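J.: Encoded as structure tokens, here's the structure I'll be asking about.
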Amino acid sequence: VIANVKVVPVYWGTGTMISASAMHGFYSAVVANPHLDWLSEYDTNIKAMDGSTGTGQHIGRGTVDTKDYVITPSITSKSLTDDNVQTELAHQIDTHVLPAPDANTIYMIHFPLKTTIDLGGARSCQTFCAYHSTLSKGGQSVYYSVLPFMGTGSGCEGGCGSATKDLDNQSSVSSHELVEAITDGEIGLVTGSIGKPAAWYDPTNGEIGDICNAEQGTLPGTTYIVQKEWSNKAGACVLTAGTCTRNCTG
């Protein structure tokens, strides 16, 4: 898992995309919010399913880089694959355009309108809204999320959230991927059937955001829209600890 997430906001080239300043405000709010506090129920101070010792991590709040990074991609195509994204991310790190990763860093990569990403034959805004994954670089797991533009003309605007504002659906989808990365950071390194190094993953329903897909709410104390996430403890989709929202008893 990612214990104390460090968000690096990245913007892929130029064009029509979500406002960097608006998203920076969202990221700053979400990493310092009770919305992350209850994720401690997914600490790794327990034994794994195969009986091996857990990693002993405690999930807490996080930080956001002070800078928004607008990169000039060396890959100029508007039709990208996940391999392209990984190659470009590694290049931008190697050339010191982006800060070097550590065990808590995640690069939240936003893409402009008309840029499509192919993930194993599935296409952005047709099959998926966004995803998070992992690459291994010099022995370091590098966490990243692919976040297409959700606004008018993207194809995502009708199926990636019920909000009417571009920012609301973008923040909701981003929160989905951010929390899933925190609780299952190395899913991109899994080959074959689900097992290590996957963390919190249900073989039937997927990660904790997938189970609550498109169930939105307001980030406590703010006006930002986020997606609810699955709590094993509550047995429901929640925004914060103790806020059962579905299939509640007692």
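J.: From the list Ser174, Ser154, Ser145, which residue is modelled with pLDDT of 95 or more and not in a helix (DSSP H, G or I)?
T.: The match here is Ser145.
J.: Still on this structure: Within the bounds of the stretch 149-166, is there any residue that is of a type in the set (Ser, Thr, Tyr), touching a residue at least 12 places away in the same chain (Cβ under 8 Å) and touching a Gly at 6+ places or on another chain (Cβ under 8 Å)?
T.: Scanning the stretch 149-166 turns up no residue that is of a type in the set (Ser, Thr, Tyr), touching a residue at least 12 places away in the same chain (Cβ under 8 Å) and touching a Gly at 6+ places or on another chain (Cβ under 8 Å).
J.: Now a separate question. On the given criteria, is Gly161 open to solvent by 30 Å² or more (accessible area, probe 1.4 Å) and more than 30 Å from Thr55 (Cα to Cα)?
T.: The answer is no for Gly161.
The values are calculated or read from the model by the stated rules, or taken from the named source; none is laboratory data. It should be emphasised that the depicted structure is a prediction, and the values quoted were computed from it without experimental measurement. Note that each Cβ is placed from the backbone with ideal geometry, even for glycine, and that neighbours are counted across all protein chains shown. Just the protein is used for accessible areas: all its heavy atoms, side chains included, with ligands, DNA and RNA removed. Shrake-Rupley method; radii C 1.70, N 1.55, O 1.52, S 1.80 Å.
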